[in-house]
Amino acid sequence: MRPGLLLGLAIRQLTSRSHSGIVRLVSVLSVSGIAIGVAALVLLQAFMNGFQWSISGFLGMANPPLIVRSPVGVSLQQTDIALVEKLAASVHGLTAVSPGIEKAAVAAGRSGDIAGVVVRGVRWDRELEITGLGELLGGVPEGAVLGETVASRLGLSRGDTIRLASTESATISAAGRAVVDTIIPIVVWKVCDFGLEEYNSGLVITDYGTAAALFGMEGLYDFAGVGAAEGTGPAAAAAELSALLENSYIGFECERFMICEAFMARHENLFRAFGLERLGMTIVLGLITVVALLNLSSALSMVALEHRRDYGVLRAMGASPSRVLGVALSQGLLIGLLGCAAGTAFAALVMLVVNNLLPVTLESSVYWVDTLPAVPDPGQTAAVLAGIMSACLLASVFPAAQAVSIPPAECVRHE
Amino acid sequence: MNEPCTVLECREVRKAFREGDSVLEILRGVDLDVARGEIVAVTGPSGSGKSTLLNILGVLDPPDSGRVSIAGVDAWKAGEAARARLRGRHLGFVFQFHHLLEEFTLAENVALPGLLAGMSGEDAAKRAAALLEEVGIASRAAQFPSRVSGGERQRAALARALTCSPDLVLADEPTGNLDAGNASKVLDLVVSLSRSHGQAFVLATHSLEITAVADRVLRLRGGRLET
């Protein structure tokens with residue numbers, strides 16, 4: 001039998017108007033069930049991708065892809081930085097090194113309120129080379145850059161002065177008290193949205209000199225950020241640089257033991273949690289698809305029962321059982337195909353609307369980001385569709401076997 | 001090579017149905033030969049086993065024992081695929097209630113056996129058109145079975161049985177569901193088609209008109225065929 005004929009028979013039976021169109025109705029309901037399942041799974045993957053993509057994108061924008069530091073928190077010296085620069089130059093794909101300081105401090109503004117902040121001191125010329133901050137700031141800052149939430153809390157805007165103080169440079173008075181007498185005033189050059197609430201509510205970036213003076217760390221660094229060219233795998237490059245650093249330490253080329261890690265690896269637990277959440281939600285939404293598949297199976301059983309006489313007639317006309325099986329299986333595939341097409345189209349429409357017209361807004365203090373984009377992944381979508389088509393085929397096997405198992409003589413009995 | 005003269009050979013066919021503890025023996029050693037172009041009528045009261053016999057002869061239902069040969073092939077010794085080919089190439093069926101596929105037009109119903117046998121769409125459509133013309137319902141070709149009369153449906157069913165030019169057409173009460181006028185038309189068609197196409201017909205019937213036109217009338221009594 002030609003595939004076209006087989007498909008034609010399957011389509012005609014599914015769209016049959018006989019018996020008040022009940023077969024057609026259950027066919028449409030089956031397609032709808034599959035479509036809902038497909039749309040739910042495709043949208044879930046897209047929104048989870050969007051959430052992860054936003055967070056990793058914003059994290060990546062404000063941070064270098066690789067970080068070199070001492071595992072025990074010892075400050076790095078200029079000689080260490082020079083060594084890192086030398087070794088990084090020998091690793092394929094690594095671009096520049098930008099050393100910096102990052103420590104907790106207290107900030108005060110015009111509102112009279114004070115806030116705990118993280119002050120990061122960087123060499124702007126290098127930092128803009130290895131991070132995405134250049135795009136965010138639109139030039140080399142000539143003052144402090146701070147997140148919009150902390151700026152709002154301190155009543156600061158561009159041109160105001162933020163005062164920073166730190167216990168790192170405290171001195172002990174004659175009375176034995178710690179005295180914080182280093183208060184650094186610095187002009188706010190830009191208040192910006194880093195995209196992540198964690199940064200918006202507590203990050204202040206200054207030039208290296210200001211931070212070094214604040215923390216009493218002239219000539220010392222907490223870390224060295226390392227840039228990577230596009231297409232370079234940060235994890236592999238970090239491992240290679242780490243090995244070089246380890247060899248240098250063993251070979252007495254440097255005094256301090258340093259390691260290099262990919263910035264995202266520092267947030268591995270966060271992304272693992274996302275993966276777990278994705279898996280849990282996929283299982284829950286997958287249950288919708290299971291219900292749809294059960295519905296498909298019962299609908300196809302009904303179609304087989306409704307058309308048992310037709311199957312007997314087909315057998316009488318010379319169709320082999322495998323061909324009748326083919327008709328029944330292709331009905332399942334057809335419903336699956338239409339359901340997948342409708343579900344994917346609906347999901348695409350929802351993504352289009354969410355990304356362009358009606359964005360999903362989130363409470364950024366809870367979810368880190370304030371909007372949730374949909375980022376479809378063709379591989380994931382293909383996996384969802386392939387899984388559901390396979391499940392449709394599986395759900396069709398029992399009804400198809402039913403259709404074939406009835407002896408043809410039984411099918412054409414007129415009693 | 002000359003084609004065999006006998007298209008159907010049936011020997012010692014037995015069939016029983018079990019209902020609970022009791023066994024109802026319907027066929028008790030049926031012998032039947034049908035020659036090419038012959039019209040054989042099988043009569044008998046309701047429940048005598050006419051339909052069961054036709055299903056066995058049509059390779060739709062296996063006998064408990066005995067042999068059924070179609071065009072020289074022992075049908076029940078062949079595999080399922082070979083039996084399907086036998087039905088497709090050598091047999092045609094006409095059922096009492098036409099059993100046309102409701103979702104297909106009359107033309108499509110008649111073309112279907114040809115498509116199943118591997119004819120091209122164009123050839124099958126031409127064959128269907130010619131057969132519908134021959135049975136006198138060419139004007140109804142595009143209609144669905146639910147839109148035509150009982151007589152027209154049965155004529156379409158007859159045309160469908162002839163699509164692949166089978167050696168033997170098995171018809172179970174082909175006029176049983178028709179009024180006298182339509183029954184007569186269908187019967188005339190059976191005779192004329194048998195004469196023009198050389199097909200053999202085995203007709204299970206109560207109808208006296210059919211027995212009048214048959215070359216041979218056999219009575220199924222006590223599970224055996226009698227002349």
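The values are calculated or read from the model by the stated rules, or taken from the named source; none is laboratory data. Keep in mind the model is a prediction, meaning the values are calculated, not measured. Positions of Cβ are generated from backbone atoms using ideal geometry, with glycine treated the same way; all protein chains shown enter the neighbour counts. Note: accessible area is taken over every heavy atom of the protein model, side chains too, but ligands, DNA and RNA are not part of it. Shrake-Rupley method; radii C 1.70, N 1.55, O 1.52, S 1.80 Å.
Which strands (runs of 3 or more DSSP E) does the range A:110-177 wholly contain that include 2 or more residues that are touching an Asp or Glu at 6+ places or on another chain (Cβ under 9 Å)?
Fully inside the range A:110-177 and qualifying: A:114-122, A:144-147.
Sort out for me the helices (runs of 4 or more DSSP H) sitting completely within the range A:279-396 that have 3 or more residues that are modelled with pLDDT under 85 and of a type outside the set (Lys, Arg).
A:364-367
Within the range B:189-212, take every residue that is in contact with a Leu (Cβ under 6 Å, 6 or more places away or on another chain) and of a type in the set (Val, Ile, Thr) and give me the one that is modelled with the lowest pLDDT.
B:ILE210
Going by what's in this entry, would B:ARG195 be described as in contact with a strand residue (DSSP E or B) (Cβ under 6 Å, 6 or more places away or on another chain) and surrounded by fewer than 20 Cβ atoms within 10 Å (Cβ to Cβ)?
Answer is no for this residue.
Only one residue in A:VAL140, A:VAL191 is surrounded by fewer than 15 Cβ atoms within 10 Å (Cβ to Cβ) and among the hydrophobic types (A, V, I, L, M, F, W, C), so which one is that?
A:VAL140
Within the range B:82-94, restricting attention to residues that are more than 9 Å from chain A (Cβ to nearest Cβ) and at pLDDT below 90, which residue is surrounded by the fewest Cβ atoms within 10 Å (Cβ to Cβ)?
Among those residues, the one meeting the criterion is B:ALA82.
Can you tell me which residue in the range A:282-306 is least open to solvent (accessible area, probe 1.4 Å), limited to those that are touching a Ser or Thr at 6+ places or on another chain (Cβ under 8 Å) and farther than 28 Å from A:LEU44 by Cβ?
Among residues in the range A:282-306 that are touching a Ser or Thr at 6+ places or on another chain (Cβ under 8 Å) and farther than 28 Å from A:LEU44 by Cβ, the one least open to solvent (accessible area, probe 1.4 Å) is A:VAL303.
Considering only residues of the range B:165-187 that are assigned to a loop (DSSP other than H, G, I, E, B) and hydroxyl-bearing (Ser, Thr, Tyr), which is nearest to B:VAL94 (Cα to Cα)?
B:THR175
Under 7 Å by Cβ, and 6 or more places apart or on different chains, what pairs join a residue from the range A:244-265 that is in contact (Cβ under 8 Å) with a residue 24 or more places away in the chain and under 14 Å from A:VAL72 (Cα atoms) with one that is open to solvent by 50 Å² or more (accessible area, probe 1.4 Å) and not in a helix (DSSP H, G or I)?
Once the first residue is in contact (Cβ under 8 Å) with a residue 24 or more places away in the chain and under 14 Å from A:VAL72 (Cα atoms) and sits in the range A:244-265, its partners that are open to solvent by 50 Å² or more (accessible area, probe 1.4 Å) and not in a helix (DSSP H, G or I) give A:ARG256/A:VAL74; A:PHE257/A:PRO71; A:MET258/A:ARG69; A:ILE259/A:ARG69; A:ILE259/A:PRO71.
I'm trying to understand the selection: among the residues of the range A:155-188, which are open to solvent by 90 Å² or more (accessible area, probe 1.4 Å) and in contact (Cβ under 8 Å) with a residue 40 or more places away in the chain?
The answer is A:ARG163, A:GLU168.
Being out of contact with any Lys or Arg (no Cβ under 9 Å at 6 or more places or on another chain), more than 14 Å from chain A (Cβ to nearest Cβ) and assigned to a loop (DSSP other than H, G, I, E, B) is the requirement here; does B:ALA142 meet it?
Yes; evaluated as a whole, the condition is true for this residue.
Of the conditions (1) within 30 Å of A:LEU334 (Cα to Cα); (2) open to solvent by 30 Å² or more (accessible area, probe 1.4 Å); (3) out of contact with any Phe, Trp or Tyr (no Cβ under 9 Å at 6 or more places or on another chain), A:LYS86 satisfies every one except a single condition; which number is it?
Among (1) within 30 Å of A:LEU334 (Cα to Cα); (2) open to solvent by 30 Å² or more (accessible area, probe 1.4 Å); (3) out of contact with any Phe, Trp or Tyr (no Cβ under 9 Å at 6 or more places or on another chain), the lone unmet condition for A:LYS86 is (1).
Given the criteria surrounded by fewer than 24 Cβ atoms within 10 Å (Cβ to Cβ), touching a Gly at 6+ places or on another chain (Cβ under 8 Å) and under 26 Å from B:GLY44 (Cβ atoms), does B:LEU170 qualify?
no
The rows are residues; the columns are (1) facing another protein chain (nearest Cβ under 9 Å); (2) part of a helix (DSSP H, G or I); (3) at pLDDT 90 or above.
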| position | (1), (2), (3) |
| --- | --- |
| B:VAL42 | no, no, yes |
| B:SER48 | no, no, no |
| B:PRO63 | no, no, yes |
| B:SER69 | no, no, yes |
| B:GLN96 | yes, no, no |
| B:LEU101 | yes, no, no |
| B:ALA111 | no, yes, yes |
| B:GLY114 | no, yes, yes |
